[in-house]
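The structure under discussion appears below in the form of structure tokens.
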Amino acid sequence: MNQTQGFVPPPYPHDRLKDLLVEARQSHAKLLDLSIGVPCDRPTITGDLHNDEAIRRYPNSFGTEPFRQAAANWLNRYTGTTIEADQVRATVGSKEFVAGLPQYLKLRSPQKDTVLYPAVSYPSYAMGATLAGCRAVAVRTDANWRIDVSSIDPKDAKRALCLWVNTPGNPAGGVDNLAEIADWGRANNVPVISDECYIAFTWDKSPQTILSNGTEGVLAVHSLSKRSNFPGLRIGFYAGDAELLDYLGEVRKHAGFMPPGVSQLAAIEAFADESHVDEQRQKYQQRLTLLAEYMGALGAEATMPEGGFYLWVKSPEGDGWDFTRKLALEHGVVVSPGDFYGDAGKNYVRLAAVQPLEAVDAFKKASGC
Ligand SMILES: Cc1ncc(COP(=O)(O)O)c(C=O)c1O
């Protein structure tokens, strides 16, 4: 029975690499997989994953009081904000929130139909708009991969349910001026949703949150996946504007979002500790440096990002897919072609610094670099 007349899901970005991987495996016994941002490092804090009470109960959709307090304490300690526990709501990792937010904002403001997002960015911002039946309108990024809000057409701003920003950014590592963007959102009556899941990884700037200059009209979205190597526990939170928080919290309760209790316990421990994050930061910095050297030796222009743990490299072949193929077939190195992150990224590739130094070094030597 084929009843599909409407939306047909496009291939998932990383599934588009499958055929190339099969081909690459014919000439390389082992591949160096730098395509997905999944840490290779063990989580050092895992909480009480066998806690009977946490497993037996349905979790509170907003997150437990201790979870919300731990998240608020961490953000306040880390960025100097003064948010309270009741300004925090838990999420099941942050991707579900990113991809689901537009449909809930659309329910709240049915007269609006547009989601604004950075032209070079994590694909789920645009996909969330599509899944909500909205227009996904890409906003230009500048030479430093920062979103240029001055380029937004006022007609699009009027129709916008939200503007996404991501600092430090995936894939290009740009660090935006969040205070300026929050001002733009307030002036244009567009909620600014700031995805801050890479906040722990800035290389020469202090960590930034959109909440530093007040919570009105803005939400910060956080995740433990990157900071604490927790992607499998699916735990994060959002915080900010009281009215948005109330609306989203209630709607998401009806929709059945309940962050697992054991994940919340692990997160409480992880929020209280910075030493594991400091160690992780050092690892990423060393790996990024080595990867930049490796790419440089292969003739690709690679500069250190301002933040995040990805290297965003201009393809010496012109097209990002051509360089992706060359790296996989000639060197056994798997990267993501830049068009995964929007057409504006099509002449780039992204390398995730998620493999140990020794593994990168071995591939670098095998390439004769
Ligand atoms: C920019 C950005 N936002 C959100 C996510 C989702 O992360 P998670 O759902 O694990 O919190 C990712 C994952 O790679 C990301 O790169």
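Compute log10 of I(q)/I(0) for the chain with the Debye formula, placing one identical point scatterer on every Cα and leaving out solvent, at q = 0.09, 0.10, 0.12 Å⁻¹, to two decimals.
Each listed q maps to, in turn, -0.51, -0.64, -0.92.
Hey, in the GNM for the chain with a 10 angstrom Cα cutoff, which one of Leu107, Leu224, Leu233 fluctuates hardest?
Leu107
At q = 0.20, 0.23, 0.29 Å⁻¹, what log₁₀ I(q)/I(0) does segment 111-150 have when each alpha carbon counts as one equal point scatterer in the Debye sum?
The computed values of log10 I(q)/I(0) come out as -0.57, -0.70, -0.93.
Would you mind counting up the charge near Ser27? Only other residues with Cβ under 13 Å from its Cβ, with Lys and Arg at +1 and Asp and Glu at -1.
Here the charged neighbours net out to +2.
Can you list the equivalent-ellipsoid semi-axes of segment 293-369, largest first and in whole Å, using the square root of 5 times each Cα gyration tensor eigenvalue?
In descending order the semi-axes read 19, 15, 11 Å.
Quick check on segment 1-138: what does the Kirkwood estimate of hydrodynamic radius come out to from the alpha carbon pairs, in Å?
With all distinct Cα pairs of segment 1-138 included, I get 19.5 Å.
Take the Cα atoms of segment 70-142, find their three principal axes, and give me the spread along each one in whole Å, biggest first.
So the extents along the principal axes, rounded to whole Å, are 37, 32, 21.
Can you compute the charge dipole magnitude of segment 1-93 about its Cα centre, using +1 on each Lys and Arg Cβ and -1 on each Asp and Glu Cβ, nothing else charged? Give it in debye, rounded to the nearest 20.
Here the size comes out at about 160 debye.
Just need the relative contact order of segment 52-271 here, percent rounded to a whole number, with Cα pairs under 8 Å and 6+ apart.
It comes to 26 percent, rounded to a whole number.
Just add up the charged neighbours of Thr91: K/R +1, D/E -1, any other residue whose Cβ is under 15 Å from the Cβ of Thr91.
Residues near Thr91 contribute +4 overall.
Straight-line reach from Lys283: which lysines fall under 24 Å, measuring Cα to Cα and dropping same-chain residues less than 8 apart?
Lys30, Lys205, Lys226, Lys314, Lys364, Lys365
Below 8 Å, C-alpha to C-alpha, sequence gap of six or more: please give me the relative contact order for the chain in percent.
24
From the helices alone, meaning DSSP H stretches of at least four residues, give me the mean residue ellipticity at 222 nm for the chain, per-run term -39500 (n - 2.57), in deg cm²/dmol to the nearest 500.
That comes out to -11000 deg cm²/dmol.
Can you return the lysines within cross-link range of Lys112? Criterion is Cα-Cα under 18 Å, with same-chain partners fewer than 8 residues away left out.
Straight-line reach from Lys112, under 18 Å: Lys155, Lys158.
Please order Glu306, Glu243, Glu196 by the number of other Cβ within 10 Å, starting at the fewest.
Lowest to highest Cβ neighbour count: Glu243, Glu306, Glu196.
Roughly how tilted is helix 178-188, in degrees to the nearest 10 and between 0 and 90, from the longest Cα axis of the chain?
50
Using the crude model of +1 on Lys and Arg Cβ and -1 on Asp and Glu Cβ, and no other charge, please compute the dipole size for segment 127-217 relative to its Cα centre, in debye to 20.
About 320 debye.
What area, in nm² and to one decimal, does the C-alpha convex hull of segment 52-271 cast on average over all directions?
11.1
With the radius of gyration and the Kirkwood radius both derived from the Cα set of segment 205-252, what is their ratio Rg to Rh?
1.04
Connecting C-alpha atoms closer than 10 Å in a GNM of the chain, tell me which of Asn213, Asn51, Asn76 has the biggest fluctuation.
The residue that fluctuates most here is Asn51.
Excluding Lys106 itself, calculate the net charge of residues whose Cβ lies under 13 Å from the Cβ of Lys106, where each Lys or Arg counts +1 and each Asp or Glu counts -1.
+3
Just so you know, all these numbers are worked out from the coordinates, no wet-lab data involved. If you're wondering where the values come from, they're calculated on a predicted model, not measured in any experiment. FYI the Cβ positions are ideal-geometry reconstructions off the backbone, even for glycines, and counts take in every protein chain you see.
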